[in-house]
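Values quoted throughout were computed directly from the atomic coordinates according to the rules given, and no laboratory measurement underlies them. The structure displayed is predicted, hence computed values, not measured ones. Neighbour counts are summed over all protein chains in view; Cβ atoms, including those assigned to glycine, are modelled from backbone coordinates with ideal geometry.
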């Protein structure tokens, strides 16, 4: 496996923490018992994306731009 195909961690601890809790808040918006149903609540499920990147520790956009918040 080459370095290009591997998922390289490029997110620091604070970045991961913020993404996880932001994603959690978005998912809570999608749930019917936390927020009134407006028809746009499905957008809250997009919060799974920042939660997933926080768990994995790698952000695709950071990789494309060449940015890293991970201390090395």
Problem - Checklist (1) in contact (Cβ under 8 Å) with a residue 24 or more places away in the chain; (2) exposed (fewer than 15 other Cβ atoms within 10 Å of the Cβ); (3) out of contact with any helix residue (DSSP H, G or I) (no Cβ under 7 Å at 6 or more places or on another chain) applied to residue 21, failing item - result: (1)
Practice task
Kindly list the number of the only condition in (1) exposed (fewer than 13 other Cβ atoms within 10 Å of the Cβ); (2) touching a residue at least 60 places away in the same chain (Cβ under 8 Å) that fails for residue 70.
Solution key: (1)
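Taking the stretch 30-67 on its own, how many of its residues are crowded, with 16+ Cβ neighbours inside 10 Å and over 11 Å from residue 11 (Cβ atoms)? If you could, list the steps in order and put the result at the bottom.
Of the residues in the stretch 30-67, the ones crowded, with 16+ Cβ neighbours inside 10 Å are 30, 44, 47, 50-51, 53-54, 57-59, 62.
Then drop every residue that is not over 11 Å from residue 11 (Cβ atoms), which leaves 30, 44, 47, 51.
Result for the stretch 30-67: 4.
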